[in-house]
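Enquirer: Quick one: this structure, given as structure tokens, is what I'll be asking you about.
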Amino acid sequence: MTSSRSAVMFALALLAPALIYILIIVAYPLVDTFILSFTNASLRPDYDFVGWANYLRIFTAGNFTEVIIRTFIWTMLSVGMKMVIGMCGAVLLNAAIPGQTLFRILIMPPWVVPMAIGIFMWGWMYNGQFGMISGLLQNFGVIDRPVAWLAYGDTAFWATIVTDVWIGVPMVTIYFLAAMQSIPRDLHEAAWTDGAGRFYRFRRITLPLMIPAVLTMSLLSLIATFNSFDIIWILTQGGPSGSTTTMIIDTYKTAMGSRKYGEGAARAVVICIFVSIFCIVYFRAVRKLSQGEAK
Amino acid sequence: MSQLSLKHLEKSFNEARIIKGIDLEVTEGEFVVFVGPSGCGKSTLLRMIAGLEDVSSGEIEIGGRVVNDLPPVQRGIAMVFQSYALYPHMSVYENIAFPLRVERLPQAQVDERVGAAAKVLQLESRLQHRPGQLSGGQRQRVAIGRAIVRQPKIFLFDEPLSNLDAALRSEMRIELMELHKRLGSTMIYVTHDQVEAMTMADKIVVLDAGTISQVGSPLDLYHRPDNLFVAGFIGSPKMNFIGGKVTAADGTTVTVDLGALGTIALPRQSRSVAGQSVTVGIRPEHLRLGEGDFALTVTPNIVEHLGIHTVTYATLPGGENFIGLFEGDPDVPEGTPLKIGFATEQVHLFDQAGLAVY
């Protein structure tokens, strides 16, 4: 009994630094935000509890529902494109083609370049007067006048997605490549011996065996993209006319722009609920996959 | 009729020559085993026949047709891999049916062929299971089933039993031999296990460093090894080798001085070995306790009692290991000198190049 108690104490002593760190850095702000979401906190030093008023307001007044829908569309499009492009990239990098090493190097810059610099670079590329995209499309006769891609709602929405995809694709590609290379070579050789061509092998062997990797990466990417702030903020700050305002941008604007900390906190709690749901789905999927593998 | 013919076959990976000019004929219905130590090129040779490795030079003929540039599926072969190479996400049925699905055969024909293979391999009750739910032996059978449904001219097996435990391995060995009898197909089987080679093969091809050391029936190789390598590789425990020098070779007898062990006279007609440093070989199972045509005294440092056999391990004055295999459970204590004899007609002699002298 004594020895088991001392074992527990020893374990707690080892865990204590991490637990204290998590309590200060994660748990305290989370609880504080939750409490703040029930107040009318602003720049004034004192504030009152307002019950569910902030939650009622964000869902009844303003356009928060529209922001939620936009966030989901933005996230789904971005994640979907990352998965498709990442898979294509992995297939190309995995194929025995000349210049494979060069391609492996070329795919890395979006990941290696500091994110803010990459986003600024895209900001200039989207510029109507000096931007490369507008210039090239004019040269090829696709457009007849300069287009400032970030100045219009529709184009800005897609421009932010493209930038997010550009930054996210390398990691997805490398992850998929690693998963693809972990498929035993024997399986492909056996299928080839049986007469299966490249596409048939990809469809019936590679893709089904990649499902765990695709599922894991999709969910991780979903969580990261849902919370993506830097790209939109640096490129458009949520504009023009809110066309690129996602939940995280909206929360920041409410809390830091309008100084409505209580209302901002309520929005942050809603984001937290959505991300928690994604996390639950992710962990359940991981558990299911590992149980499947154990079988 | 020759079904597979290898002519001056070579394979190099960059500068490294792995297969160094192999010539071989395999007749229809034969069970041929490629055997050799790790790295001797046996699996590479099999993969070249399968079409999984390019041929650097030489020709592979299957059924009289050169297949060097044909993809595996057009060669009329089916291969069973060491790892089984089963598709983990497919059922046993779909694994076996895979080659037929590639061929786009009608479902009725797929059902018929898979059913027939499953019956032969006793997998009928497992068809809806996934490979992960099967034992090692059952997985092996599924891999064989996938080969059978293609009705190939030649079956290729790449160390198919090496992932199984000893008991299952001997069980599967018998199943494979029965399968060979039932199908009557040509089978080429790669293994590093000489017991598998001896028990299964009609013809053994012993490979050493990318070349064929000897081709023959199991008993040919056992009784008349062409060289030191084959003599040492075939047989378990391996043959004892004792270094010596030929003092006389008169056309009927070769006399070899074995140093501290004495002089042995062997019935050989060769005169060319006179004066050469040679190697005398005697299999452990040919030794007898007590006197013989030739006798020597050794002190076993380890004795293994296996019930049916007793194995003694000793070191000769020249530093060579000397193993004795005796029937039953004789009284041979460790550390006690032991007189061992053997018949000179069972002694092998190898010249200074390592070639057998008969």
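The values are calculated or read from the model by the stated rules, or taken from the named source; none is laboratory data. Since this is a predicted model, take the numbers as computed values, not measurements. Here Cβ is always computed from backbone atoms with ideal geometry, including for glycine, and neighbour counts include all displayed protein chains. Heads up: the accessible areas ignore ligands, DNA and RNA and are worked out on the full protein's heavy atoms, side chains in. Shrake-Rupley method; radii C 1.70, N 1.55, O 1.52, S 1.80 Å.
Enquirer: Give A:Ile105, A:Ile117, A:Ile97 a once-over and let me know the one that is among the aliphatic types (A, V, I, L, M) and either surrounded by 14 or more Cβ atoms within 10 Å (Cβ to Cβ) or over 26 Å from the mean Cα position of the chain (by Cα) (or both). Working first, answer last.
Expert: Details: A:Ile105 fails: either surrounded by 14 or more Cβ atoms within 10 Å (Cβ to Cβ) or over 26 Å from the mean Cα position of the chain (by Cα) (or both); A:Ile117 fails: either surrounded by 14 or more Cβ atoms within 10 Å (Cβ to Cβ) or over 26 Å from the mean Cα position of the chain (by Cα) (or both).
Result: A:Ile97 is the single residue among A:Ile105, A:Ile117, A:Ile97 that is among the aliphatic types (A, V, I, L, M) and either surrounded by 14 or more Cβ atoms within 10 Å (Cβ to Cβ) or over 26 Å from the mean Cα position of the chain (by Cα) (or both).
Enquirer: Which condition does B:Pro225 not pass, out of (1) assigned by TED's automatic domain parsing to the domain that holds B:Ala197; (2) out of contact with any His (no Cβ under 8 Å at 6 or more places or on another chain); (3) buried (at least 20 other Cβ atoms within 10 Å of the Cβ); (4) within 16 Å of B:Val357 (Cβ to Cβ), if it passes all the others?
Expert: If we test B:Pro225 against (1) assigned by TED's automatic domain parsing to the domain that holds B:Ala197; (2) out of contact with any His (no Cβ under 8 Å at 6 or more places or on another chain); (3) buried (at least 20 other Cβ atoms within 10 Å of the Cβ); (4) within 16 Å of B:Val357 (Cβ to Cβ), just (2) comes out false.
Enquirer: In the stretch A:120-129, what residues are open to solvent by 40 Å² or more (accessible area, probe 1.4 Å) and modelled with pLDDT of 90 or more?
Expert: Listed by number, the residues that qualify are A:Phe120, A:Met121, A:Trp124, A:Asn127.
Enquirer: If we keep just the residues of the stretch A:135-164 that are loosely packed, with under 15 Cβ neighbours inside 10 Å and of a type in the set (D, E, K, R), which is modelled with the highest pLDDT?
Expert: Once the filter is applied, the top-ranked residue is A:Asp154.
Enquirer: Condition check: out of contact with any Phe, Trp or Tyr (no Cβ under 9 Å at 6 or more places or on another chain), free of Cβ contacts under 8 Å to residues at least 60 places away in the same chain and within 14 Å of chain B (Cβ to nearest Cβ). Does A:Gly141 satisfy that?
Expert: On the way: out of contact with any Phe, Trp or Tyr (no Cβ under 9 Å at 6 or more places or on another chain): yes; free of Cβ contacts under 8 Å to residues at least 60 places away in the same chain: yes; within 14 Å of chain B (Cβ to nearest Cβ): no.
No, not satisfied.
Enquirer: Which one of the conditions (1) under 24 Å from the mean Cα position of the chain (by Cα); (2) of a type in the set (Val, Ile, Thr); (3) within 8 Å of chain A (Cβ to nearest Cβ) does B:Val35 fail to meet, given that it meets all the rest?
Expert: Only one criterion is unmet by B:Val35, namely (3).
Enquirer: Which members of the stretch B:251-268 meet the condition of being touching a residue at least 40 places away in the same chain (Cβ under 8 Å) and open to solvent by 40 Å² or more (accessible area, probe 1.4 Å)?
Expert: B:Gly259, B:Ala260, B:Ala265, B:Pro267
Enquirer: Against the conditions (1) in contact with an Asp or Glu (Cβ under 6 Å, 6 or more places away or on another chain); (2) surrounded by fewer than 15 Cβ atoms within 10 Å (Cβ to Cβ); (3) under 30 Å from B:Arg173 (Cβ atoms), where does B:Asp23 fall short? Just the number, please.
Expert: Status for B:Asp23: all satisfied but (1).
Enquirer: More than 23 Å from A:Gly197 (Cβ to Cβ) and not in a strand (DSSP E or B), is that true of B:Gly137?
Expert: When the stated conditions are applied, B:Gly137 passes them.
Enquirer: Which residue, of B:Glu285, B:Glu291, B:Glu304, is touching a Leu at 6+ places or on another chain (Cβ under 7 Å), among the acidic types (Asp, Glu) and either under 15 Å from B:Leu325 (Cα atoms) or touching a residue at least 24 places away in the same chain (Cβ under 8 Å) (or both)? Even if it seems obvious, please write down each step before you answer.
Expert: On the way: B:Glu291 fails: touching a Leu at 6+ places or on another chain (Cβ under 7 Å); B:Glu304 fails: touching a Leu at 6+ places or on another chain (Cβ under 7 Å).
Going through B:Glu285, B:Glu291, B:Glu304 in turn, just one is touching a Leu at 6+ places or on another chain (Cβ under 7 Å), among the acidic types (Asp, Glu) and either under 15 Å from B:Leu325 (Cα atoms) or touching a residue at least 24 places away in the same chain (Cβ under 8 Å) (or both): B:Glu285.
Enquirer: Which residues, counting only those in the stretch B:136-167, are open to solvent by 40 Å² or more (accessible area, probe 1.4 Å) and more than 14 Å from chain A (Cβ to nearest Cβ)?
Expert: B:Asp165, B:Ala166, B:Ala167
Enquirer: Same structure, new question: Find the residue count for the stretch B:43-92, including only residues that are more than 23 Å from B:Asn163 (Cβ to Cβ), among the β-branched types (Val, Ile, Thr) and within 11 Å of chain A (Cβ to nearest Cβ).
Expert: Of the residues in the stretch B:43-92, 1 are more than 23 Å from B:Asn163 (Cβ to Cβ), among the β-branched types (Val, Ile, Thr) and within 11 Å of chain A (Cβ to nearest Cβ).
Enquirer: For a quick check of your reading: which strands (runs of 3 or more DSSP E) sit entirely within the stretch B:157-250 and have at least 1 residues that are in contact (Cβ under 8 Å) with a residue 24 or more places away in the chain and closer than 30 Å to B:Glu10 by Cβ?
Expert: B:186-191, B:203-208, B:211-216
Enquirer: Can you tell me how many residues in the stretch B:271-291 are part of a loop (DSSP other than H, G, I, E, B) and either in contact with an Asp or Glu (Cβ under 7 Å, 6 or more places away or on another chain) or surrounded by fewer than 18 Cβ atoms within 10 Å (Cβ to Cβ) (or both)?
Expert: Adding up the residues that qualify gives 8.
Enquirer: Related question: Could you tell me how many of the residues in the stretch A:62-119 are closer than 24 Å to A:Ser241 by Cβ and either in contact with a Cys (Cβ under 9 Å, 6 or more places away or on another chain) or not in a helix (DSSP H, G or I) (or both)?
Expert: Qualifying residue count for the region: 2.
Enquirer: Just one of the numbered conditions (1) out of contact with any Phe, Trp or Tyr (no Cβ under 7 Å at 6 or more places or on another chain); (2) within 14 Å of chain A (Cβ to nearest Cβ); (3) part of a helix (DSSP H, G or I) is not true of B:Ala116; which one?
Expert: Against the list (1) out of contact with any Phe, Trp or Tyr (no Cβ under 7 Å at 6 or more places or on another chain); (2) within 14 Å of chain A (Cβ to nearest Cβ); (3) part of a helix (DSSP H, G or I), B:Ala116 comes up short only on (2).
Enquirer: Look at the stretch A:56-79 and say how many of its residues are open to solvent by 30 Å² or more (accessible area, probe 1.4 Å) and modelled with pLDDT of 90 or more.
Expert: So the count comes out to 8.
Enquirer: Name the single residue, out of those in the stretch B:93-103 being in contact with a Gly (Cβ under 8 Å, 6 or more places away or on another chain) and more than 8 Å from chain A (Cβ to nearest Cβ), that is farthest from A:Ile205 (Cα to Cα).
Expert: B:Ile96
Enquirer: Next question. Give me the helices (runs of 4 or more DSSP H) completely within the stretch A:182-295, filtered to those with at least 3 residues that are open to solvent by less than 40 Å² (accessible area, probe 1.4 Å), ordered by residue number. If you could, list the steps in order and put the result at the bottom.
Expert: Details: elements: A:185-193, A:198-201, A:207-226, A:230-235, A:247-252, A:261-294.
Answer list for the stretch A:182-295: A:185-193, A:207-226, A:230-235, A:247-252, A:261-294.
Enquirer: Being open to solvent by 50 Å² or more (accessible area, probe 1.4 Å), within 30 Å of B:Phe13 (Cα to Cα), under 27 Å from the mean Cα position of the chain (by Cα) and not polar (S, T, N, Q), is that true of even one residue in the stretch B:82-95?
Expert: no
Enquirer: In addition: Please go through the stretch B:32-80 and give me each residue that is of a type in the set (Val, Ile, Thr), outside any strand (DSSP E or B) and buried (at least 23 other Cβ atoms within 10 Å of the Cβ), ordered by number.
Expert: Selection gives B:Ile49 alone.
Enquirer: Considering only residues that are open to solvent by less than 70 Å² (accessible area, probe 1.4 Å) and in a helix (DSSP H, G or I), look in the stretch B:119-132 and name the one that is nearest to the other protein chains (Cβ to nearest Cβ).
Expert: The selected residue is B:Gly132.
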